[in-house]
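K.L.:
Okay, handing you the structure first.
The values are calculated or read from the model by the stated rules, or taken from the named source; none is laboratory data. Remember, predicted model here, so these are calculated numbers, not experimental data. Positions of Cβ are backbone-derived with ideal geometry, glycine not excepted, and every protein chain shown enters the neighbour counts. All accessible areas refer to the heavy atoms of the entire protein, side chains included, with ligands and DNA or RNA removed. Shrake-Rupley method; radii C 1.70, N 1.55, O 1.52, S 1.80 Å.
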Amino acid sequence: MKLPYIEPYKTKVVEPVNLSTPKERAAWIREAGYNLFNLRSDQVIIDLLTDSGTGAMSDTQWSEIMLGDESYAGASSYYKLKSAVTDITGFEFFLPVHQGRAAENVLFSLLVKEGDIVPGNSHFDTTKGHIEFRKALAIDCTIDEAGDTSANHPFKGNVDLRKLERVIDKNGTGKIPFILLTITNNTAGGQPVSMKNMRELKEMADSYGIPLVFDSARFAENAAFIKMREKGYENSSISEIVRETFSLADAMTMSSKKDAIVNMGGFIAMKSEELYNKASIFNIMFEGYITYGGMSGRDMNALAAGLYEGTEERYLISRLRQVEYLGSKLKEAGVTVQEPFGGHAIFIDATGFLREVPREQFPAQTLAIEAYTEGGVRGVEIGALLADRDPVTRKNRYPKLELLRLAIPRRVYSSSHMDYVAAVFANISERRDSIKKGFRIVKEAPIMRHFTVGLERV
Ligand code: F0G
(Lines give C-alpha, C1' and ligand atoms only; values in the text may rest on other atoms or scores of the structure.)
Protein backbone atom coordinates (compact mmCIF):
# COMPACT_ATOMS: atom_id res chain seq x y z
CA MET A 1 0.00 0.00 0.00
CA LYS A 2 1.26 3.44 -0.89
CA LEU A 3 1.70 5.37 2.33
CA PRO A 4 -0.46 8.50 2.57
CA TYR A 5 1.12 11.88 2.30
CA ILE A 6 1.67 13.76 5.56
CA GLU A 7 2.67 17.27 6.56
CA PRO A 8 6.44 17.45 7.17
CA TYR A 9 5.99 18.96 10.66
CA LYS A 10 4.14 18.26 13.91
CA THR A 11 2.60 20.40 16.64
CA LYS A 12 4.63 21.57 19.64
CA VAL A 13 2.55 24.49 20.92
CA VAL A 14 -1.22 24.87 20.64
CA GLU A 15 -3.56 27.84 20.80
CA PRO A 16 -7.17 27.41 21.98
CA VAL A 17 -10.06 28.00 19.58
CA ASN A 18 -13.01 29.76 21.15
CA LEU A 19 -16.32 28.12 20.24
CA SER A 20 -19.59 30.07 19.99
CA THR A 21 -23.22 29.66 18.91
CA PRO A 22 -24.95 30.97 15.76
CA LYS A 23 -27.08 33.24 17.96
CA GLU A 24 -24.02 34.83 19.56
CA ARG A 25 -22.40 35.26 16.17
CA ALA A 26 -25.51 36.87 14.65
CA ALA A 27 -25.35 39.53 17.38
CA TRP A 28 -21.58 40.03 17.04
CA ILE A 29 -21.67 40.51 13.28
CA ARG A 30 -24.53 43.01 13.60
CA GLU A 31 -22.50 44.96 16.19
CA ALA A 32 -19.54 44.81 13.79
CA GLY A 33 -21.56 46.71 11.15
CA TYR A 34 -21.50 43.51 9.04
CA ASN A 35 -17.80 44.07 8.45
CA LEU A 36 -15.77 40.96 9.31
CA PHE A 37 -12.66 43.06 9.93
CA ASN A 38 -14.47 44.53 12.94
CA LEU A 39 -14.86 41.18 14.68
CA ARG A 40 -12.65 40.27 17.62
CA SER A 41 -10.57 37.20 16.86
CA ASP A 42 -12.09 35.30 19.80
CA GLN A 43 -15.47 35.67 18.08
CA VAL A 44 -14.11 33.62 15.16
CA ILE A 45 -13.76 29.83 15.09
CA ILE A 46 -11.77 29.23 11.89
CA ASP A 47 -10.04 32.36 10.69
CA LEU A 48 -9.55 32.31 6.94
CA LEU A 49 -9.52 36.11 6.60
CA THR A 50 -5.96 36.02 5.38
CA ASP A 51 -2.84 33.90 5.04
CA SER A 52 -0.83 37.03 5.82
CA GLY A 53 1.13 37.06 9.06
CA THR A 54 -1.04 34.25 10.39
CA GLY A 55 1.33 31.31 9.81
CA ALA A 56 2.87 29.19 12.56
CA MET A 57 6.60 29.74 13.02
CA SER A 58 8.87 26.74 13.50
CA ASP A 59 11.03 25.91 16.53
CA THR A 60 14.03 27.04 14.46
CA GLN A 61 12.41 30.41 13.84
CA TRP A 62 11.54 30.85 17.52
CA SER A 63 15.14 29.99 18.42
CA GLU A 64 16.32 32.61 15.95
CA ILE A 65 14.16 35.16 17.78
CA MET A 66 16.40 34.71 20.84
CA LEU A 67 19.51 35.24 18.74
CA GLY A 68 18.36 38.58 17.29
CA ASP A 69 20.92 41.38 17.27
CA GLU A 70 19.15 44.65 18.05
CA SER A 71 22.03 46.99 17.13
CA TYR A 72 20.83 50.10 15.34
CA ALA A 73 23.40 49.80 12.56
CA GLY A 74 25.17 46.77 11.13
CA ALA A 75 23.34 44.14 13.20
CA SER A 76 24.32 40.53 12.52
CA SER A 77 20.59 39.88 11.96
CA TYR A 78 20.70 42.24 8.99
CA TYR A 79 23.60 40.33 7.46
CA LYS A 80 21.89 37.02 8.12
CA LEU A 81 18.79 38.22 6.30
CA LYS A 82 20.78 39.83 3.49
CA SER A 83 22.60 36.58 2.89
CA ALA A 84 19.32 34.60 2.83
CA VAL A 85 17.71 37.09 0.43
CA THR A 86 20.67 37.03 -1.94
CA ASP A 87 21.04 33.26 -1.72
CA ILE A 88 17.37 32.60 -2.48
CA THR A 89 16.50 35.39 -4.92
CA GLY A 90 19.86 36.25 -6.46
CA PHE A 91 19.33 39.99 -5.85
CA GLU A 92 22.45 41.68 -4.57
CA PHE A 93 20.84 44.77 -3.05
CA PHE A 94 18.10 44.71 -0.47
CA LEU A 95 16.27 46.93 2.03
CA PRO A 96 14.27 45.57 4.99
CA VAL A 97 10.82 47.10 5.55
CA HIS A 98 8.06 46.26 8.00
CA GLN A 99 5.62 44.69 5.51
CA GLY A 100 4.65 44.50 1.85
CA ARG A 101 2.82 47.79 1.60
CA ALA A 102 5.81 49.53 3.18
CA ALA A 103 7.94 48.13 0.36
CA GLU A 104 5.40 49.60 -2.05
CA ASN A 105 5.47 52.93 -0.27
CA VAL A 106 9.26 53.19 -0.40
CA LEU A 107 9.70 52.00 -3.98
CA PHE A 108 6.70 53.83 -5.44
CA SER A 109 7.71 57.08 -3.70
CA LEU A 110 10.79 56.89 -5.85
CA LEU A 111 9.29 55.61 -9.10
CA VAL A 112 5.61 56.59 -9.45
CA LYS A 113 4.44 60.13 -10.19
CA GLU A 114 1.15 61.78 -11.04
CA GLY A 115 -0.24 60.74 -14.42
CA ASP A 116 1.82 57.54 -14.61
CA ILE A 117 0.47 54.17 -15.68
CA VAL A 118 1.51 50.93 -13.97
CA PRO A 119 0.30 47.92 -15.96
CA GLY A 120 0.34 44.44 -14.45
CA ASN A 121 -1.70 41.37 -13.56
CA SER A 122 -4.44 42.29 -11.05
CA HIS A 123 -2.56 44.53 -8.63
CA PHE A 124 -3.26 43.76 -4.98
CA ASP A 125 -5.46 46.34 -3.21
CA THR A 126 -2.70 48.06 -1.21
CA THR A 127 -0.55 48.07 -4.34
CA LYS A 128 -3.30 49.70 -6.35
CA GLY A 129 -3.91 52.01 -3.39
CA HIS A 130 -0.29 53.15 -3.39
CA ILE A 131 -0.45 53.78 -7.13
CA GLU A 132 -3.78 55.64 -7.06
CA PHE A 133 -2.75 57.64 -3.98
CA ARG A 134 0.01 59.09 -6.19
CA LYS A 135 -2.63 59.98 -8.83
CA ALA A 136 -1.33 57.29 -11.16
CA LEU A 137 -3.31 54.44 -12.72
CA ALA A 138 -2.98 50.66 -12.26
CA ILE A 139 -4.09 48.82 -15.40
CA ASP A 140 -4.94 45.13 -15.19
CA CYS A 141 -3.68 43.06 -18.12
CA THR A 142 -4.41 39.58 -16.76
CA ILE A 143 -5.50 36.95 -19.30
CA ASP A 144 -9.28 36.66 -19.80
CA GLU A 145 -9.34 33.05 -18.55
CA ALA A 146 -8.76 34.40 -15.02
CA GLY A 147 -12.25 35.85 -15.11
CA ASP A 148 -13.89 32.49 -15.85
CA THR A 149 -13.93 30.24 -12.78
CA SER A 150 -14.51 27.12 -14.87
CA ALA A 151 -11.87 27.78 -17.55
CA ASN A 152 -9.19 25.16 -17.19
CA HIS A 153 -5.89 26.99 -17.54
CA PRO A 154 -2.83 25.98 -15.51
CA PHE A 155 -1.53 29.55 -15.21
CA LYS A 156 -4.51 31.84 -14.78
CA GLY A 157 -2.29 34.49 -13.20
CA ASN A 158 -0.55 35.15 -16.54
CA VAL A 159 -0.29 38.53 -18.22
CA ASP A 160 -2.01 38.93 -21.59
CA LEU A 161 0.91 40.30 -23.56
CA ARG A 162 -1.29 41.74 -26.30
CA LYS A 163 -3.32 43.70 -23.75
CA LEU A 164 -0.08 44.93 -22.24
CA GLU A 165 1.34 45.94 -25.59
CA ARG A 166 -1.79 47.96 -26.34
CA VAL A 167 -1.46 49.78 -23.00
CA ILE A 168 2.19 50.60 -23.69
CA ASP A 169 1.56 51.71 -27.27
CA LYS A 170 -1.41 53.86 -26.25
CA ASN A 171 0.30 55.64 -23.35
CA GLY A 172 3.93 55.69 -24.46
CA THR A 173 6.88 54.35 -22.48
CA GLY A 174 7.53 57.72 -20.81
CA LYS A 175 4.42 57.32 -18.66
CA ILE A 176 5.20 53.79 -17.54
CA PRO A 177 7.79 53.71 -14.74
CA PHE A 178 7.63 49.89 -14.51
CA ILE A 179 5.47 46.86 -15.16
CA LEU A 180 4.32 45.08 -12.01
CA LEU A 181 3.95 41.30 -11.97
CA THR A 182 2.27 39.74 -8.93
CA ILE A 183 3.27 36.14 -8.19
CA THR A 184 1.03 34.37 -7.46
CA ASN A 185 -1.83 36.50 -8.72
CA ASN A 186 -3.79 36.93 -5.47
CA THR A 187 -6.79 38.82 -6.81
CA ALA A 188 -7.40 36.29 -9.62
CA GLY A 189 -7.51 33.50 -7.05
CA GLY A 190 -3.93 32.78 -5.95
CA GLN A 191 -3.27 31.75 -9.54
CA PRO A 192 0.29 31.17 -10.73
CA VAL A 193 2.22 32.81 -13.56
CA SER A 194 4.21 30.49 -15.83
CA MET A 195 7.94 30.84 -16.43
CA LYS A 196 7.18 31.11 -20.14
CA ASN A 197 4.90 34.08 -19.50
CA MET A 198 7.48 35.72 -17.26
CA ARG A 199 10.19 35.22 -19.86
CA GLU A 200 8.05 36.69 -22.65
CA LEU A 201 7.05 39.56 -20.40
CA LYS A 202 10.69 40.29 -19.66
CA GLU A 203 11.48 40.28 -23.39
CA MET A 204 8.67 42.72 -24.08
CA ALA A 205 9.63 44.98 -21.18
CA ASP A 206 13.24 45.00 -22.37
CA SER A 207 12.22 45.80 -25.92
CA TYR A 208 10.46 48.93 -24.63
CA GLY A 209 13.13 49.70 -22.04
CA ILE A 210 10.62 49.45 -19.16
CA PRO A 211 11.77 47.91 -15.86
CA LEU A 212 9.98 44.87 -14.47
CA VAL A 213 9.09 44.69 -10.75
CA PHE A 214 7.74 41.54 -9.10
CA ASP A 215 5.30 41.72 -6.20
CA SER A 216 6.58 38.48 -4.74
CA ALA A 217 4.47 37.77 -1.64
CA ARG A 218 3.80 34.19 -2.79
CA PHE A 219 6.80 33.53 -5.03
CA ALA A 220 7.51 30.10 -3.51
CA GLU A 221 3.98 28.83 -4.11
CA ASN A 222 4.33 30.14 -7.68
CA ALA A 223 7.54 28.16 -8.06
CA ALA A 224 5.85 25.01 -6.75
CA PHE A 225 3.07 25.39 -9.33
CA ILE A 226 5.69 25.80 -12.08
CA LYS A 227 7.36 22.58 -10.95
CA MET A 228 4.02 20.74 -10.86
CA ARG A 229 2.45 22.15 -14.03
CA GLU A 230 4.98 23.58 -16.47
CA LYS A 231 6.68 21.36 -19.01
CA GLY A 232 10.43 21.26 -18.61
CA TYR A 233 10.45 22.06 -14.88
CA GLU A 234 9.46 18.64 -13.48
CA ASN A 235 13.01 17.92 -12.47
CA SER A 236 14.07 21.40 -11.41
CA SER A 237 14.39 22.17 -7.71
CA ILE A 238 12.28 24.90 -6.13
CA SER A 239 15.38 26.96 -5.49
CA GLU A 240 16.40 26.71 -9.16
CA ILE A 241 12.93 27.84 -10.25
CA VAL A 242 12.96 30.70 -7.74
CA ARG A 243 16.38 31.85 -8.96
CA GLU A 244 15.24 31.72 -12.57
CA THR A 245 12.07 33.63 -11.67
CA PHE A 246 13.92 36.51 -10.07
CA SER A 247 16.60 36.59 -12.79
CA LEU A 248 13.77 38.02 -14.93
CA ALA A 249 12.96 40.92 -12.57
CA ASP A 250 14.75 44.22 -12.06
CA ALA A 251 13.40 44.57 -8.54
CA MET A 252 11.00 42.86 -6.16
CA THR A 253 8.77 43.89 -3.29
CA MET A 254 8.05 41.28 -0.66
CA SER A 255 5.45 40.87 2.02
CA SER A 256 7.26 38.27 4.11
CA LYS A 257 4.04 37.61 6.01
CA LYS A 258 3.05 35.10 3.34
CA ASP A 259 5.59 32.72 1.83
CA ALA A 260 8.35 33.51 4.33
CA ILE A 261 6.07 32.41 7.21
CA VAL A 262 6.67 35.27 9.64
CA ASN A 263 4.08 37.33 11.46
CA MET A 264 5.52 40.67 10.35
CA GLY A 265 8.18 41.74 7.88
CA GLY A 266 9.06 42.54 4.31
CA PHE A 267 11.78 43.74 2.01
CA ILE A 268 12.68 45.28 -1.32
CA ALA A 269 15.43 43.74 -3.41
CA MET A 270 16.96 44.92 -6.66
CA LYS A 271 19.73 44.49 -9.19
CA SER A 272 20.69 48.13 -9.54
CA GLU A 273 22.93 49.83 -7.02
CA GLU A 274 21.67 53.20 -8.22
CA LEU A 275 18.06 52.22 -7.49
CA TYR A 276 19.16 50.89 -4.11
CA ASN A 277 20.89 54.15 -3.22
CA LYS A 278 17.87 56.23 -4.20
CA ALA A 279 15.38 53.94 -2.46
CA SER A 280 17.54 53.96 0.70
CA ILE A 281 16.64 57.60 1.26
CA PHE A 282 12.91 56.83 1.32
CA ASN A 283 13.57 53.75 3.44
CA ILE A 284 15.31 55.88 6.06
CA MET A 285 12.49 58.44 5.97
CA PHE A 286 9.59 55.99 6.21
CA GLU A 287 10.91 52.74 7.68
CA GLY A 288 14.20 53.09 9.51
CA TYR A 289 17.91 52.91 8.97
CA ILE A 290 18.95 50.74 6.00
CA THR A 291 20.17 47.82 8.14
CA TYR A 292 16.86 47.31 9.91
CA GLY A 293 14.13 49.14 7.94
CA GLY A 294 10.95 48.52 9.84
CA MET A 295 12.13 45.34 11.52
CA SER A 296 13.70 44.36 14.81
CA GLY A 297 16.80 42.17 14.68
CA ARG A 298 14.97 39.13 16.04
CA ASP A 299 12.33 39.44 13.33
CA MET A 300 15.00 39.63 10.63
CA ASN A 301 16.47 36.41 12.03
CA ALA A 302 13.12 34.63 11.98
CA LEU A 303 12.54 35.87 8.44
CA ALA A 304 15.91 34.58 7.24
CA ALA A 305 14.99 31.11 8.55
CA GLY A 306 11.42 31.40 7.21
CA LEU A 307 12.65 32.14 3.70
CA TYR A 308 14.44 28.79 3.65
CA GLU A 309 11.55 26.89 5.23
CA GLY A 310 8.99 28.52 2.94
CA THR A 311 10.89 27.38 -0.15
CA GLU A 312 11.27 23.74 0.92
CA GLU A 313 9.64 21.47 -1.61
CA ARG A 314 8.08 19.00 0.84
CA TYR A 315 6.49 21.80 2.81
CA LEU A 316 5.19 23.51 -0.36
CA ILE A 317 3.60 20.31 -1.64
CA SER A 318 1.81 19.79 1.69
CA ARG A 319 0.69 23.40 1.61
CA LEU A 320 -0.79 23.20 -1.88
CA ARG A 321 -2.37 19.84 -1.05
CA GLN A 322 -4.20 21.29 1.94
CA VAL A 323 -5.67 24.09 -0.17
CA GLU A 324 -6.63 21.50 -2.80
CA TYR A 325 -8.25 19.35 -0.10
CA LEU A 326 -10.53 22.18 0.98
CA GLY A 327 -11.32 23.03 -2.66
CA SER A 328 -12.34 19.44 -3.45
CA LYS A 329 -14.50 19.20 -0.33
CA LEU A 330 -16.29 22.43 -1.24
CA LYS A 331 -16.86 21.21 -4.77
CA GLU A 332 -18.39 18.03 -3.39
CA ALA A 333 -20.76 20.27 -1.41
CA GLY A 334 -21.88 21.92 -4.66
CA VAL A 335 -19.95 25.15 -4.26
CA THR A 336 -18.51 26.79 -7.40
CA VAL A 337 -14.88 27.69 -6.84
CA GLN A 338 -12.09 29.16 -8.93
CA GLU A 339 -10.33 26.28 -10.68
CA PRO A 340 -7.69 25.07 -10.83
CA PHE A 341 -7.39 25.74 -7.07
CA GLY A 342 -5.06 28.56 -6.10
CA GLY A 343 -1.99 28.45 -3.91
CA HIS A 344 -3.01 30.16 -0.71
CA ALA A 345 -6.79 30.17 -0.77
CA ILE A 346 -9.99 28.84 -2.22
CA PHE A 347 -12.05 31.45 -3.99
CA ILE A 348 -15.80 30.88 -4.06
CA ASP A 349 -17.81 32.31 -6.94
CA ALA A 350 -20.43 34.14 -4.89
CA THR A 351 -22.64 35.19 -7.79
CA GLY A 352 -22.87 31.53 -8.82
CA PHE A 353 -23.60 30.47 -5.26
CA LEU A 354 -26.09 33.13 -4.12
CA ARG A 355 -27.86 33.53 -7.44
CA GLU A 356 -30.69 35.64 -6.04
CA VAL A 357 -28.60 38.41 -4.47
CA PRO A 358 -28.10 41.35 -6.90
CA ARG A 359 -24.53 42.55 -7.50
CA GLU A 360 -25.30 45.98 -6.02
CA GLN A 361 -26.08 44.17 -2.76
CA PHE A 362 -22.64 42.56 -2.53
CA PRO A 363 -23.22 38.78 -2.87
CA ALA A 364 -19.67 37.84 -1.76
CA GLN A 365 -19.96 39.92 1.41
CA THR A 366 -23.41 38.40 1.96
CA LEU A 367 -21.91 34.92 1.70
CA ALA A 368 -19.06 35.91 4.04
CA ILE A 369 -21.64 36.96 6.65
CA GLU A 370 -23.61 33.73 6.16
CA ALA A 371 -20.47 31.61 6.65
CA TYR A 372 -19.57 33.52 9.76
CA THR A 373 -23.03 33.22 11.28
CA GLU A 374 -23.41 29.56 10.30
CA GLY A 375 -20.09 28.30 11.61
CA GLY A 376 -17.81 31.11 12.79
CA VAL A 377 -15.72 30.85 9.61
CA ARG A 378 -14.23 34.19 8.63
CA GLY A 379 -13.37 34.70 4.94
CA VAL A 380 -12.89 37.90 3.01
CA GLU A 381 -14.81 39.51 0.18
CA ILE A 382 -12.88 39.95 -3.06
CA GLY A 383 -15.58 41.62 -5.08
CA ALA A 384 -17.25 44.97 -5.55
CA LEU A 385 -16.60 46.19 -2.01
CA LEU A 386 -12.87 45.62 -2.38
CA ALA A 387 -12.83 46.90 -5.97
CA ASP A 388 -13.97 50.23 -4.54
CA ARG A 389 -15.08 53.24 -6.56
CA ASP A 390 -13.43 54.40 -9.76
CA PRO A 391 -10.96 57.12 -8.69
CA VAL A 392 -12.14 59.40 -11.53
CA THR A 393 -15.90 58.78 -11.89
CA ARG A 394 -16.43 57.72 -8.21
CA LYS A 395 -18.86 55.06 -9.47
CA ASN A 396 -18.84 51.60 -7.91
CA ARG A 397 -16.61 49.21 -9.82
CA TYR A 398 -17.94 45.71 -10.48
CA PRO A 399 -15.08 43.33 -11.20
CA LYS A 400 -15.67 40.35 -13.46
CA LEU A 401 -15.62 38.02 -10.47
CA GLU A 402 -17.42 38.45 -7.19
CA LEU A 403 -15.48 36.13 -4.90
CA LEU A 404 -15.33 35.04 -1.30
CA ARG A 405 -11.76 34.13 -0.42
CA LEU A 406 -10.98 31.48 2.16
CA ALA A 407 -7.27 31.98 2.77
CA ILE A 408 -5.47 29.25 4.63
CA PRO A 409 -2.83 30.24 7.17
CA ARG A 410 0.42 28.28 6.81
CA ARG A 411 1.01 25.28 9.10
CA VAL A 412 -1.95 26.25 11.34
CA TYR A 413 -5.10 24.21 10.62
CA SER A 414 -5.66 20.46 10.30
CA SER A 415 -7.73 18.43 7.83
CA SER A 416 -10.59 18.23 10.33
CA HIS A 417 -10.68 22.03 10.40
CA MET A 418 -11.00 21.92 6.61
CA ASP A 419 -13.82 19.34 6.91
CA TYR A 420 -15.60 21.72 9.29
CA VAL A 421 -15.33 24.61 6.81
CA ALA A 422 -16.72 22.44 4.02
CA ALA A 423 -19.65 21.40 6.26
CA VAL A 424 -20.46 25.08 6.94
CA PHE A 425 -20.75 25.74 3.21
CA ALA A 426 -22.70 22.53 2.61
CA ASN A 427 -25.27 23.76 5.14
CA ILE A 428 -25.51 27.17 3.46
CA SER A 429 -25.77 25.45 0.09
CA GLU A 430 -28.91 23.64 1.21
CA ARG A 431 -30.74 26.91 1.85
CA ARG A 432 -29.00 29.16 -0.62
CA ASP A 433 -31.99 29.89 -2.81
CA SER A 434 -33.80 31.37 0.18
CA ILE A 435 -31.05 34.01 0.52
CA LYS A 436 -32.36 36.76 -1.72
CA LYS A 437 -31.20 39.99 -0.16
CA GLY A 438 -27.76 41.37 0.55
CA PHE A 439 -26.37 44.53 2.12
CA ARG A 440 -26.05 48.24 1.46
CA ILE A 441 -23.27 50.62 2.48
CA VAL A 442 -23.97 53.08 5.31
CA LYS A 443 -20.40 54.31 5.85
CA GLU A 444 -17.29 54.22 3.65
CA ALA A 445 -13.78 55.67 3.46
CA PRO A 446 -12.56 57.46 0.28
CA ILE A 447 -9.90 54.79 -0.40
CA MET A 448 -9.56 51.08 0.50
CA ARG A 449 -13.08 51.20 1.88
CA HIS A 450 -13.51 47.48 2.57
CA PHE A 451 -11.39 47.63 5.73
CA THR A 452 -13.68 50.07 7.52
CA VAL A 453 -16.97 49.93 5.62
CA GLY A 454 -20.21 49.86 7.61
CA LEU A 455 -23.18 47.93 6.18
CA GLU A 456 -26.83 47.21 6.86
CA ARG A 457 -29.20 44.54 5.61
CA VAL A 458 -31.28 45.50 2.59
N1 F0G B 1 1.02 42.18 -2.46
C2 F0G B 1 0.22 41.10 -2.41
C3 F0G B 1 0.09 40.22 -3.60
C4 F0G B 1 -0.49 40.83 -1.25
O5 F0G B 1 -1.29 39.77 -1.22
C6 F0G B 1 -0.34 41.69 -0.13
C7 F0G B 1 -1.08 41.44 1.10
C8 F0G B 1 0.51 42.78 -0.24
C9 F0G B 1 1.18 43.00 -1.43
C10 F0G B 1 0.71 43.74 0.91
O11 F0G B 1 1.47 43.16 1.89
O12 F0G B 1 -0.01 43.05 3.89
O13 F0G B 1 2.44 42.82 4.10
O14 F0G B 1 1.45 44.99 3.57
N15 F0G B 1 -2.03 40.64 1.16
C16 F0G B 1 -2.77 40.25 2.34
C17 F0G B 1 -3.92 39.41 1.92
C18 F0G B 1 -3.12 41.34 3.27
O19 F0G B 1 -4.79 39.15 2.78
O20 F0G B 1 -3.97 38.96 0.76
P21 F0G B 1 1.32 43.54 3.46
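K.L.:
Between S207 and T173, what length comes free when the chain is fully extended (0.36 nm per residue of separation minus the Cα-Cα distance, one decimal in nm)?
P.N.:
Answer, rounded to one decimal: 11.2 nm.
K.L.:
Still on this structure, please answer the following. Could you work out the relative contact order of the range 274-419? I mean the mean sequence separation of Cα pairs under 8 Å and 6+ apart, divided by the number of residues, in percent.
P.N.:
18 percent
K.L.:
Output the Kirkwood hydrodynamic radius of the range 192-242, Cα pairs only, in Å rounded to one decimal.
P.N.:
11.7 Å
K.L.:
Sorted by average packing, counted as other Cβ atoms within 10 angstrom per residue and highest first, what order do 255-263, 57-65 take?
P.N.:
Highest to lowest by the protection proxy: 255-263, 57-65.
K.L.:
Simple spin-label model, 7 Å along Cα-to-Cβ: T11 to E114 in nm?
P.N.:
5.5 nm
K.L.:
With an 8 Å Cα cut-off and a minimum separation of 6 or more residues, compute the relative contact order for the chain in percent.
P.N.:
Result for the chain is 23 percent.
K.L.:
Can you list the HN-Hα couplings for the range 391-408, worked out from phi with the Karplus curve (6.51, -1.76, 1.60; θ = phi - 60°), rounded to whole Hz and with x for Gly and Pro?
P.N.:
x, 8, 7, 6, 7, 4, 9, 10, x, 3, 10, 10, 10, 10, 9, 10, 8, 9
K.L.:
Could you order peptides 89-100, 383-394 by the average number of other Cβ atoms within 10 Å of their residues, highest first?
P.N.:
89-100, 383-394
K.L.:
Could you calculate the contour length gain from S150 to T393, that is, 0.36 nm times the residue separation minus the distance between their Cα atoms, to one decimal place in nm?
P.N.:
My answer for the length gained is 84.3 nm.
K.L.:
Testing the spin-label approximation: label points 7 Å from Cα along Cα→Cβ at K2 and E324. State their distance in nm.
P.N.:
Result for the modelled spin labels: 1.0 nm.
K.L.:
On to the next question. Suppose we keep just the DSSP beta bridges with both residues in the chain; what percent of those would be antiparallel, to 5?
P.N.:
Beta bridges within the chain, antiparallel portion: roughly 65 percent.
K.L.:
Which entries in K12/K331; K82/K271; K128/K331; K135/K278; K258/K278 show an alpha-carbon gap greater than 23 Å?
P.N.:
Where the Cα-Cα span goes over 23 Å, the pairs concerned are K12/K331; K128/K331; K258/K278.
K.L.:
Under a point spin-label approximation (7 Å from Cα along Cα-to-Cβ), what is the R457-S71 distance to one decimal in nm?
P.N.:
A separation of 6.2 nm, rounded to one decimal place.
K.L.:
Just want to confirm a number: the relative contact order over the range 59-310, from Cα pairs under 8 angstrom separated by 6+ residues, in percent.
P.N.:
With pairs under 8 Å counted, the relative contact order is 33 percent.
K.L.:
Something else: Around F93, which amide H atoms from residues at least 5 apart in sequence, or from another chain, sit under 5 Å from its own amide H, with H modelled in the peptide plane?
P.N.:
M270
K.L.:
For the chain, what is the accessible area per residue in Å², given a 1.4 Å probe and the full set of protein chains?
P.N.:
So the chain comes to 42 Å² accessible per residue, rounded to a whole number.
K.L.:
Quote the Stokes-Einstein diffusion coefficient, in whole µm² s⁻¹, for the range 59-310, based on the Kirkwood radius over alpha carbon pairs, a temperature of 10 °C and a viscosity of 1.306 mPa s.
P.N.:
87 µm²/s
K.L.:
A further question follows. In debye, nearest 20: dipole of the chain around its Cα centre with unit charges on the Cβ of K, R (+) and D, E (-)?
P.N.:
Using Cβ point charges on Lys, Arg, Asp and Glu, the chain gives about 940 debye.
K.L.:
Projecting each Cα onto the charge dipole of the range 59-310 (Lys/Arg +1, Asp/Glu -1 at the beta carbon, about the Cα centre), which of L110, F91, A304 comes out farthest on the positive side?
P.N.:
The Cα lying farthest towards the positive end belongs to L110.
K.L.:
If packing is taken as the mean number of other Cβ atoms within 10 Å per residue, what is the order of 340-348, 404-412, highest first?
P.N.:
The most tightly packed comes first, giving 340-348, 404-412.
K.L.:
If each residue of separation counts as 0.36 nm, what is the full-extension length gain between E274 and R40 once their alpha-carbon separation is subtracted?
P.N.:
Full extension from E274 to R40 adds 79.8 nm.
K.L.:
If you don't mind, another one. So if I take the centroid of the Cα atoms in the range 1-74 and the same for the range 347-373, what is the distance between those two points in Å?
P.N.:
25 Å
K.L.:
Explain nothing, just the number: dipole magnitude of the range 260-340 about its Cα centre with +1 on each Lys and Arg Cβ and -1 on each Asp and Glu Cβ, in debye rounded to the nearest 20.
P.N.:
Value, rounded to 20: 140 debye.
K.L.:
With bins 5 Å wide starting at 0, give me the P(r) of the range 77-185 over every alpha carbon pair, in whole percents.
P.N.:
Cα pair-distance distribution for the range 77-185, in percent: 2, 11, 18, 19, 17, 15, 11, 5, 1, 0.
K.L.:
First compute the accessible area of the chain with a 1.4 Å probe, then give the percent of it belonging to carbon and sulfur atoms.
P.N.:
Ligands and nucleic acids excluded, carbon and sulfur give 53 percent.
K.L.:
Calculate the FRET efficiency for A445 and R166 from the Cβ-Cβ distance with a Förster distance of 22 Å, rounded to the nearest 0.05.
P.N.:
My answer for the efficiency is 0.10.
K.L.:
Could you tell me how far the Cα centroid of the range 164-229 sits from the Cα centroid of the range 98-132, in Å?
P.N.:
Cα centres, the range 98-132 to the range 164-229: 14 Å.
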